[in-house]
Structures are given as structure tokens and as C-alpha cells.
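Participant: Got a structure for you, written out below as C-alpha cells; questions coming shortly.
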Amino acid sequence: MKCAICRNGTTTDGYSTTVLERDRVTVVFKKVPVQICNNCGEEYVSAEVNESLLSQAHAEWERGITLEMLDFAA
Ligand SMILES: [Zn+2]
């Protein structure tokens with residue numbers, strides 16, 4: 001798709017690291033599938049991936065840990 005930020009680049013499939021924080025709890029997700037702009041580097045996360053990230057993060061928050069690093073699970 002065309003990049004909405006710079007309007008010059010197009011996005012391609014890639015992987016990113018996403019950090020989600022709530023209160024004192026930080027969850028780091030690696031290997032998150034994203035679309036990356038080949039011009040400005042903006043990263044786009046799909047609604048499905050975002051939803052999955054939130055539900056996985058929620059499970060970690062419930063455990064009461066302070067820092068967790070996970071590989072994204074689709
Ligand atoms: Zn761009």
C-alpha cells in the first residue's frame with residue numbers, strides 16, 4: 001500500500017519489535033509482522049495483529065510480571 005505519512009513510499013512486508021506498557025508492566029514483542037515504508041520507514045500494524053498483541057499483552061499484565069519479552073504469536 002502507499003505510505004500515509006510521506007505519500008511517496010510504498011510499504012513492504014517486514015518484522016518489527018513492539019513495546020506495550022501498562023502501569024509498571026512492560027511487554028516486548030519481537031518478530032511482529034508489519035508493513036514498512038521503503039521511503040520514510042514508517043511501520044504499519046494491521047488491526048488483526050494489533051488486536052492479537054493487545055490480548056497477548058493482557059495475559060502478561062494479568063500475571064503481574066514487570067518485564068516480559070516474547071516472540072509475536074499470530
Ligand atoms: Zn513513508
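The values are calculated or read from the model by the stated rules, or taken from the named source; none is laboratory data. This one's a predicted model, so the numbers in the text were calculated from it and none came from an experiment. FYI the Cβ positions are ideal-geometry reconstructions off the backbone, even for glycines, and counts take in every protein chain you see.
Participant: Sort out which residues of the range 13-53 are away from the ligand (no atom under 16 Å from the Cβ) and charged (D, E, K, R), and write them in order of number.
Facilitator: Of everything in the range 13-53, those that are away from the ligand (no atom under 16 Å from the Cβ) and charged (D, E, K, R) turn out to be GLU21, ARG22, ASP23, ARG24, LYS30, LYS31, GLU48, GLU51.
Participant: Name the residues in the range 21-54 that are small (Gly, Ala, Ser) and either closer than 24 Å to THR10 by Cα or modelled with pLDDT under 95 (or both), would you?
Facilitator: Selection gives GLY41, SER46, ALA47.
Participant: For the range 7-49, which positions are out of contact with any helix residue (DSSP H, G or I) (no Cβ under 9 Å at 6 or more places or on another chain), surrounded by 11 or more Cβ atoms within 10 Å (Cβ to Cβ), assigned to a strand (DSSP E or B) and hydrophobic (A, V, I, L, M, F, W, C)?
Facilitator: VAL28, ILE36, CYS37
Participant: Quick one: PHE29 ticks every box in (1) in contact with a Leu (Cβ under 6 Å, 6 or more places away or on another chain); (2) farther than 23 Å from ILE5 by Cβ except a single one, so which number is it?
Facilitator: (2)
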